[in-house]
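Shown next, in structure tokens, is the structure this report addresses.
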Amino acid sequence: MKFSIEEFRAWKNKKVTLLGMSGVGKTYLSSLLCGHHWFHYSGDYRIGTRYLDEPILDLIKQQAMRVPFLRDLLRRDWIYIRNNIKVNDLGPVLSFVGKLGNPELDGVPLDEFARRQAQYREAEIRAMQDVPEFIRKAQEIYGYRHFVNDVGGSLCELDEPAVIDLLVRHTLILYIQVTDREEEQKLIERAQSDPKPLYYRPEFLREQLAVYLQENNLRYAAELDPDDFTRWVFPRLFHSRIPRYEAIAKPHGYTVTSREVAGVRDEADFLELLETAIIRTGPEG
């Protein structure tokens with residue numbers, strides 16, 4: 001959705017999709033707005049609790065069945081396993097997606113990694129397709145005035161135009177951009193120290209894997225160190241996503257910086273920032 005400043009101010013039930021890399025402030029803003037009549041829809045939480053719930057549990061049970069003591073308890077239905085995913089802690093999803101590399105170093109073989117990546121992509125698409133229904137639920141069932149869609153950092157990687165079209169029809173797109181080297185380095189360091197589930201476009205993964213193997217004199221993905229590859233590839237993933245975010249934001253939405261987001265302390269600040277973005281874009285934007 002695009003607005004004049006007057007239209008935005010008159011918009012009774014505001015609906016905003018936050019776009020950008022993990023760590024730029026999407027969940028910070030969403031959590032802050034929860035106390036101001038905003039419904040927080042977390043795409044990653046929906047993925048983990050709805051569309052990857054069973055695959056995650058299957059993987060956990062597969063590992064548990066390798067332990068004779070646990071195998072007996074599971075087969076007799078004396079214990080059960082469930083996910084405990086939180087909006088701010090996506091550990092089970094991260095464990096399911098895994099890291100590419102040597103299985104002896106807790107890595108995931110390439111074929112299996114690609115299969116899980118495809119499942120993750122499909123789950124993210126379906127979670128975004130649920131947005132209009134959750135907008136309805138937020139208002140009609142839970143009584144929230146406004147709605148914020150906290151999407152995963154990989155939305156720009158899906159190559160599914162219908163998903164973007166759907167979000168544009170139902171929400172205002174707000175892209176949170178990292179604009180300077182210092183902020184960029186902080187985000188990369190944060191992502192490496194506190195990793196989130198990552199989706200790689202197949203073409204990107206093939207290209208970067210080939211480069212990494214050549215640089216490290218390795219022949220196969222099964223030889224690489226999972227943590228080292230993840231640290232190495234993330235800055236490249238970060239930079240590859242920037243033009244993809246911009247391709248969504250420029251024609252369809254508005255852009256603010258991560259520094260501007262860091263200054264938001266309440267709903268009034270957030271609405272003021274949105275108005276600034278609308279004014280800055282101008283009527284031709």
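So here's what we get for this one:
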| read-out | value |
| --- | --- |
| Checking GLU215 against (1) over 21 Å from the mean Cα position of the chain (by Cα); (2) modelled with pLDDT under 95, the condition it does not meet | (2) |
| Residue within the stretch 236-247 that is within 30 Å of SER95 (Cα to Cα), touching a Leu at 6+ places or on another chain (Cβ under 6 Å) and at pLDDT below 95 present | no |
| Sole residue being closer than 26 Å to ILE248 by Cβ, small (Gly, Ala, Ser) and out of contact with any Leu (no Cβ under 7 Å at 6 or more places or on another chain), chosen from GLY43, GLY35, GLY48, GLY91 | GLY43 |
| Conditions (1) in contact with a Ser or Thr (Cβ under 9 Å, 6 or more places away or on another chain); (2) part of a loop (DSSP other than H, G, I, E, B); number of the one not met by ALA249 | (2) |
| Residue among LYS196, LYS186, LYS137 that is surrounded by fewer than 17 Cβ atoms within 10 Å (Cβ to Cβ) and closer than 20 Å to LEU29 by Cβ | LYS186 |
| Looking only at the stretch 58-67, and only at residues there that are part of a loop (DSSP other than H, G, I, E, B) and either at positive phi or among the aliphatic types (A, V, I, L, M) (or both), the one that is surrounded by the fewest Cβ atoms within 10 Å (Cβ to Cβ) | VAL67 |
| Selection from the stretch 13-55 of residues that are touching a residue at least 60 places away in the same chain (Cβ under 8 Å), touching an Asp or Glu at 6+ places or on another chain (Cβ under 9 Å) and among the aromatic types (Phe, Trp, Tyr) | TRP38, TYR41, TYR51 |
| Condition met for THR49 (within 22 Å of GLY153 (Cα to Cα) and modelled with pLDDT under 90) | no |
| Pairs with Cβ under 7 Å, 6+ apart, first in the stretch 248-266 and in contact (Cβ under 8 Å) with a residue 24 or more places away in the chain, second among the charged types (D, E, K, R) | SER258/GLU183; ARG259/GLU183 |
| Any chance ILE173 is modelled with pLDDT of 85 or more and either crowded, with 16+ Cβ neighbours inside 10 Å or within 19 Å of the chain's Cα centre (by Cα) (or both) | yes |
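Here is a yes/no grid of residues against (1) part of a loop (DSSP other than H, G, I, E, B); (2) surrounded by 15 or more Cβ atoms within 10 Å (Cβ to Cβ):
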| residue | (1), (2) |
| --- | --- |
| GLY23 | yes, yes |
| THR27 | no, yes |
| SER30 | no, yes |
| HIS40 | no, yes |
| ILE47 | no, yes |
| PHE69 | no, no |
| LEU74 | no, yes |
| ILE79 | yes, no |
| ASN83 | yes, yes |
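Residues checked against (1) over 22 Å from MET1 (Cβ atoms); (2) not aromatic (Phe, Trp, Tyr):
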{"residue": "PHE147", "(1), (2)": "no, no"}
{"residue": "CYS156", "(1), (2)": "no, yes"}
{"residue": "LEU172", "(1), (2)": "no, yes"}
{"residue": "LYS186", "(1), (2)": "yes, yes"}
{"residue": "ALA191", "(1), (2)": "yes, yes"}
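The values are calculated or read from the model by the stated rules, or taken from the named source; none is laboratory data. Quick caveat, the model's predicted, so the values are computed rather than measured. Neighbour counts run over all protein chains shown; Cβ positions are idealised from the backbone, glycine included.
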